[in-house]
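Step one of this worksheet: look at the structure below.
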Amino acid sequence: MKRYITTPIYYVNDVPHIGHAYTTIIADFLKRFYALRGDETFFLTGTDEHGQKIEQSASARGKTPMQYATEVSGKFRELWNEFGIDYDHFIRTTDDYHIKAVQLAFEKMRERGDIYKGEYEGQYCVSCESFFTPTQLKEGKFCPDCGKSTSGVKEESYFFALSKYQDKLLEWYESNPILPSYRQNEVINFVKNGLNDLSITRTTFEWGIEIPNQKEGERKHIIYVWLDALLNYVSALGYGGDEKNMSFWQGSIHLVGKDILRFHAIYWPAFLLSLGLPLPQKIYAHGWWLNEGQKMSKSIGNVINPKEVSDEFGNDIFRFFLLREVPFGQDGDFSLNALVDRINSELSNDLGNLLNRLIGMSEKYFSLSLNSSKAKEFFPTEANELENLIAQALPLVENAQFHRYLEEVWKIFSLSNTMIARYEPWSLIKNGESEKTEALLVFLCNALFKGTLLFAPIMPTTAQKIADSLGIEIAPSSFEKMIIQNHYQERFEITKITPLFPRVEKKEKEEKVEEKKAEVKVEEKNPLIKIDDFFLSDLRVGEVLECKNVEGSEKLLLFQVDLGEEKPRQIISGIAQYYNPQDLVGTQVCVVANLKPAKLMGLVSEGMILSVKDENGLKLIIPQEKRKNGSKIG
Ligand code: MSP
């Protein structure tokens, strides 16, 4: 069977963050899962490089759009390589073959009578690259999707006859292509409310693909960035060119965030219908990762860098956590506490310990060499249970319930650990039941073998370590034999390895991450902001009333600062290496006074003290002369 797995192509106006990593990691999981199951797979990711937003971002940085796109696209590719993402092709919408395919598709739609010329008048959100009618806007002005201010657009435009496809789309949804089903229902309701034709060209900026066969004397029309971008899913397979991989199209699975479902579940299939191409097999829409309940954004500065988390905890753990923690489709909070809990309970206790005990007992009782044909015979109930667990787990991948899939797979390890507790191999050996003991250990090796095959697509490195220890192979042939045919292997030659997941001390990890947060990292030159954006921050002068070290931390100081309010503010600052706390009492400092309170080492911090740091160290920013506490800095 052919499986074609795609991620959205990422805008190059942002460096990769956890949301991008999430989609890409799920896609990578699916690719590896299907490949292990013996399917033929093709995994596509890439970057979306045209449009007004990229043009503006590049110009704010003094670069050409192409220079800028090449730079950021490279960062995405670099990160995916570091994460071991096993993509087959990385597309850039500035690639020649893609541009050709988009122009060809435009021409085909026009020939089909689906494109006509008119004038567009309405609102446009540059951030979402999306059109809205005035009634769709929030408070008459703001984008209903991202909340940013929209701008009025009135320009000559070509339109795509989207309304024509309303019934065909509704018919298609009956085959349940969109998961989770509550997201599909949202789409159906939207379409039932009626579709407007879609403006698919713009004339007021340059950076994009020109329409083909432009009429002489006509204003230059640039193809709407979403039409351009969506076509990547077929141009990457050779559409409009060598058609080399088009056979994969029949097995397409698109992974998208809920915010871009409308484009994929309405516009995209309508374009495909117009082009006479088959519709996507499946569209899986995931929710958003939030940071402490808040949407992540560069301007708030609460964006979680996937590389930092993976460097700190390891790539496999990061992948496991992303898929296990949140029910696919729903929003989830990225919490360090939850991550550490999962490492300690599911990875270290359930899985890591099982392997350790298996190695220990095999060595002690059978010199690391196991051989028994009676595993199922001695433990028929458990063999049955194991078979049922696998049968329940497998369909969950097709249903896009990845968290439930892992939950079921982990029951295999719980079952194994329970067997050790119930049958007490140490007592069996003592009672001279060596044959049963060996059968038990062989049963456990089989259970671990099967479980490992099932989670290998999520934690490939860990799976390989277990494979090395049990002397097994993670390969489609093993999957077929052990999972599909429910085979039991009789012999295992075991190799000792170091524990897989050492337990993590919460406090130590928390402090490391908090320290990282305290060093505000500016990863790239800040883009220009408007004066209104600057005044969103409330900066004030205040006097330090108390200052002491935070217990258990080498970096943090705890301040009580008088900002002229009813009671002093408690503020935590990571400057203990630079100041003696007593020396600061009585000093006036500059404070960001309207920051959302945050918890550091269990203490609430209600603001941020401004400082400056260079190679000579860190200094607080202090008013030249004393001013009234609470005075506004402007
Ligand atoms: N370029 C378009 C996609 C075109 S596909 C033909 C685009 N790019 S994006 O870079 O803005 O977003 C890509 C994906 O990242 C979306 O699926 C979006 O849902 C996802 N995420 C962005 N922030 C996210 C979180 N905080 N959490 C989870 N995913 C989110 O849209």
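Throughout, read-outs are computed from the coordinates displayed, never taken from laboratory work. Keep in mind the model is a prediction, meaning the values are calculated, not measured. Cβ: placed from backbone, ideal geometry, glycine included. Neighbour counts: every protein chain shown.
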* To do: Run the numbers on the stretch 1-137 and let me know its relative contact order in percent, using alpha-carbon pairs under 8 Å that are six or more apart.
  => 26
* **Sequence-distant aspartates and glutamates (8 or more away, or on other chains) whose Cα lies within less than 17 Å of Lys364** => Glu424, Glu433, Glu435, Glu438, Glu493
* Structure fact -> Length-normalised contact order of the chain, Cα under 8 Å, at least 6 apart, in percent, tallies to 11
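When ranked by the protection proxy of mean other Cβ atoms within 10 Å per residue, highest first, what sequence do the peptides 586-597, 405-416 form?
Working: 586-597: 16.7, 405-416: 20.8.
My ranking of the peptides, most packed first, is 405-416, 586-597.
Quote to one decimal, in nm, the extra length available between Glu292 and Asn349 on full extension: 0.36 nm per residue of separation minus the C-alpha distance between them.
On the way: separation 57, 0.36 × 57 = 20.52 nm, distance 2.72 nm.
Fully extending the segment from Glu292 to Asn349 adds 17.8 nm.
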* Asked: Quick one: what do you get for the stretch 96-182 if you divide its Cα Rg by 2.2 N^0.38 Å?
  -> 1.37
* Euclidean distance of C-alpha centroids, the stretch 100-144 and the stretch 572-613, integer Å -> 48
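First measure r as the distance between the Cβ atoms of Asp341 and Asn213, then evaluate 1/(1 + (r/R0)^6) with R0 = 51 Å and state the FRET efficiency to the nearest 0.05.
Details: r = 60 Å, r/R0 = 1.18.
Here the calculated transfer efficiency is 0.25.
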* Asked: HN-Hα J couplings of the stretch 100-107 from phi, Karplus 6.51/-1.76/1.60, θ = phi - 60°, integer Hz, Gly and Pro as x?
  -> 4, 5, 5, 5, 5, 5, 4, 5
* Asked: Full extension from Glu312 to Thr381: what is 0.36 nm times the residue separation minus their Cα-Cα distance, to one decimal in nm?
  -> 20.7 nm
* Please find the FRET efficiency linking Gln577 to Lys548, where r is the Cβ-Cβ separation and R0 is fixed at 22 Å, and quote it to the nearest 0.05. => 0.90
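For the cross-link pairs Lys295/Lys599; Lys548/Lys628; Lys295/Lys506; Lys307/Lys596; Lys63/Lys258, which exceed 21 Å when the distance is taken from alpha carbon to alpha carbon? Provide the component values of the computation, followed by the final result.
Details: Lys295/Lys599 18 Å; Lys548/Lys628 24 Å; Lys295/Lys506 25 Å; Lys307/Lys596 25 Å; Lys63/Lys258 32 Å.
Distance filter (> 21 Å) returns Lys548/Lys628; Lys295/Lys506; Lys307/Lys596; Lys63/Lys258.
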* Using a Förster distance of 25 Å, how high is the FRET efficiency between Lys628 and Asn594, based on the Cβ-Cβ distance and rounded to 0.05? -> 0.85
* So how do 436-444, 141-149, 10-18 stack up, highest first, on mean other-Cβ count within 10 Å? -> 436-444, 10-18, 141-149
* Asked: Simple spin-label model, 7 Å along Cα-to-Cβ: Arg422 to Glu435 in nm?
  -> 2.1
* Distance in nm between label sites at Leu415 and Thr204, each 7 Å beyond Cα in the beta-carbon direction? -> 6.2
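Can you give the % of DSSP beta bridges in the chain that are antiparallel, to the nearest 5?
Numbers: 51 of 74 bridges.
So the antiparallel bridges in the chain amount to around 70 percent.
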* Descending semi-axes in whole angstrom, ellipsoid equivalent of the chain, from the Cα gyration tensor -> 46, 41, 19
* Estimated vicinal HN-Hα couplings, Hz - the stretch 304-318 in sequence order (Karplus 6.51, -1.76, 1.60; Gly, Pro = x) -> 8, 8, x, 5, 4, 5, 5, 4, 6, 10, x, 5, 4, 5, 4
* Structure fact -> Under 5 Å from the placed amide H of Gly257, counting only residues 5+ away or on other chains, we find His286
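Which entries in the list Lys53/Lys100; Lys555/Lys613; Lys567/Lys613; Lys31/Lys148 go over 24 Å, if you measure between the two C-alpha atoms of each? Numbers along the way, then the final one.
Working: Lys53/Lys100 22 Å; Lys555/Lys613 15 Å; Lys567/Lys613 30 Å; Lys31/Lys148 36 Å.
Beyond 24 Å between Cα atoms: Lys567/Lys613; Lys31/Lys148.
Counting only C-alpha contacts under 8 Å and six or more residues apart, can you give the relative contact order of the stretch 160-223 as a whole percent? Could you put the intermediate results ahead of the total?
On the way: 53 pairs, mean separation 21.2, N = 64.
About 33 percent, as a whole number.
Multiply the residue separation of Glu398 and Glu243 by 0.36 nm, subtract the distance between their alpha-carbon atoms, and state the gained length in nm to one decimal.
Working: separation 155, 0.36 × 155 = 55.80 nm, distance 2.77 nm.
Extending this stretch completely gives an extra 53.0 nm.
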* Asked: What spacing in nm lies between the two simple spin-label points modelled at Glu82 and Lys108, each 7 Å away from Cα in the Cβ direction?
  -> 3.9
* To do: Quick one: what are the phi-derived ³J(HN,Hα) couplings along the stretch 19-24, Karplus 6.51/-1.76/1.60 with θ = phi - 60°, whole Hz, x for glycine and proline?
  => x, 4, 4, 4, 4, 5
* Return the long-range amide H neighbours of Ile178 (sequence gap of 5 or more, or a different chain), with a cut-off of under 5 Å between placed amide H atoms. => Ile283
